[in-house]
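Right, one structure below, let's go through it.
Since every read-out is calculated from the coordinates, none of them should be taken as a lab result. Quantities reported herein were computed from a predicted structural model and do not represent experimental measurements. Methodologically, a virtual Cβ is constructed for each residue, glycine included, from the backbone with ideal geometry; neighbour enumeration extends over all protein chains shown.
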Amino acid sequence: MSAQKGKDLLLKLDDGTGNFVSVAGLRTRRLSLSADSVDVTDAESAGRWRELLEGAGVKRASLAGAGIFKDADSDALIRQLFFDGALRGWQIVVPSFGTVSGVFQIVSLDYRGEHSAEITFDIALESAGALAFVSA
């Protein structure tokens, strides 16, 4: 597989009708997948090496993005979801890899602007349930 263009990594939001729309203005996007480990080491562990319990940790995903504020329809929807504390379906499309989708909550939404530059925003989301993966 050849290198992929970063601009093709898309963060999409369910607009409330089951239709996914790309979040406008994003310049960077990030998907982080993680799982907690459960340590079951005891006095009889071989060589006193740590032992982990397979498949027992909590899994989670974080989505993040940063970009320029465009005041698009997706911006208004994001603001409303944040203020409502609502859970909504999101997707992140990774070219030549697949699509990760599930329910997320917006946990932070930051706006900033410098005197001689455009208004920018950062968004962070945390998963709120099981995720699905569809290979490309």
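Counted by neighbouring Cβ atoms within 10 Å, the residues LYS5, LYS12, LYS59 run from fewest to most as LYS5, LYS59, LYS12. Each Lys and Arg Cβ is given +1 and each Asp and Glu Cβ -1; about its Cα centre, the chain then shows a dipole of about 420 debye. Between ASP71 and GLU126, the modelled label-to-label distance comes to 3.3 nm, taking each label 7 Å out from Cα in the direction of the beta carbon.
Fully extending the segment from ILE119 to ASP15, taken as 0.36 nm per residue of separation minus the present Cα-Cα distance, adds 35.1 nm. Here the Gaussian network model covers the chain, with springs between Cα atoms less than 10 Å apart; of VAL40, VAL23, VAL93, VAL40 fluctuates the most. A Förster distance of 35 Å, applied to the separation of the beta-carbon atoms of PHE82 and GLU44, puts the FRET efficiency at 0.10.
Legend: Rg and Dmax of the chain, from Cα coordinates, 18.6, 64 Å. Specify the angular offset, from 0 to 90 degrees and rounded to the nearest 10, of the alpha carbon long axis of helix 73-84 from the longest principal axis of the alpha carbons in the chain. Result, in degrees: 50.
Pick from ALA76, ALA66, ALA117: which residue has the top mean-square fluctuation in a GNM of the chain where Cα pairs under 10 Å get a spring? Result for the chain, Cα springs under 10 Å: ALA117 fluctuates most.
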